[in-house]
1. What does the accessible area per residue of the chain come to in Å², with a 1.4 Å probe and no ligands, DNA or RNA counted?
2. Compute the angle between helix 92-102 and the longest alpha-carbon principal axis of the chain, please, reported from 0 to 90 degrees and rounded to the nearest 10.
3. Under a point-charge model restricted to the Cβ atoms of Lys and Arg (+1) and Asp and Glu (-1), what is the dipole moment magnitude of the range 1-123 relative to its Cα centre, in debye to the nearest 20?
4. What residue among Gly79, Pro59, His11 has its Cα farthest toward the positive end of the dipole of the range 6-90, where the charges are +1 on Lys, Arg and -1 on Asp, Glu, each on the Cβ?
5. Please list the equivalent ellipsoid semi-axes of the range 1-60, computed as the square roots of five times the alpha-carbon gyration tensor eigenvalues, in descending order and whole angstrom.
6. Let me know the whole percent of all Cα-Cα pairs from the range 42-102 that are separated by more than 19 Å.
7. Does the chain come out rounded, prolate or oblate by the C-alpha gyration tensor, with a ≥ b ≥ c the root eigenvalues, rounded set by a/c under 1.5 and, if not, prolate when a/b is larger than b/c and oblate if not?
8. If each of Glu101 and Ala70 carries a label point 7 Å out from its Cα toward its Cβ, how far apart are those two points in nm?
Amino acid sequence: MTDFGVVGAGHMGSGIACAFALAGFDVTLMDIDVDALAHAVDRVAVQIDEMIARGDAEPADKTAAIARVATTANLTDLGANDLIVETATEIEAVKHRIFAELTPHLKPQTILTSNTSSFSVTRMVSLGR
């Protein structure tokens, strides 16, 4: 796998995007709120600064990682990714809509996951078809 997508630019989404980018992968972070996307990229930078302060990353890692994070407000832009992690708000209808809208644009081998603590992923996928 080489390309990763993250749906939702909140705290969890920005953290996941940061982890992928630090690992050397290109990441596309998607959110319908353009301001949230800008804040998410700022959060990635802050997270890496904290890692640098602890000795867990180098300053050059920050520049490279941030360069690997792209943003979009268009859900279908994620369709070419090999792995997509959905981290949207814990509203079941929103998660269903994301799965339903995204699924037709995925490659056959794409892995679509959800970072949910409240809902059955099997139920979300079945209702999103």
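The values are calculated or read from the model by the stated rules, or taken from the named source; none is laboratory data. Since we're looking at a predicted model, the values are computed, not measured. Glycine gets a Cβ as well: all are built from the backbone with ideal geometry, and neighbour counts include every protein chain shown. In case anyone asks, the SASA skips ligands and DNA or RNA and just uses the protein heavy atoms, side chains included. Shrake-Rupley method; radii C 1.70, N 1.55, O 1.52, S 1.80 Å.
1. Numbers: 6670 Å² over 129 residues.
It amounts to 52 Å² per residue over the chain.
2. 90 degrees
3. Working: 8 positive and 17 negative charges, 60 e Å.
So the magnitude is around 280 debye.
4. Pro59
5. On the way: eigenvalues 78, 41, 11 Å².
Each semi-axis is √(5λ); the values are 20, 14, 8 Å.
6. Details: 911 of 1830 pairs.
The share of Cα pairs beyond 19 Å in the range 42-102 comes to 50 percent.
7. Working: a/c = 2.11, a/b = 1.79, b/c = 1.18.
Taking the square roots of the gyration eigenvalues as a ≥ b ≥ c, the chain is prolate.
8. 1.9 nm
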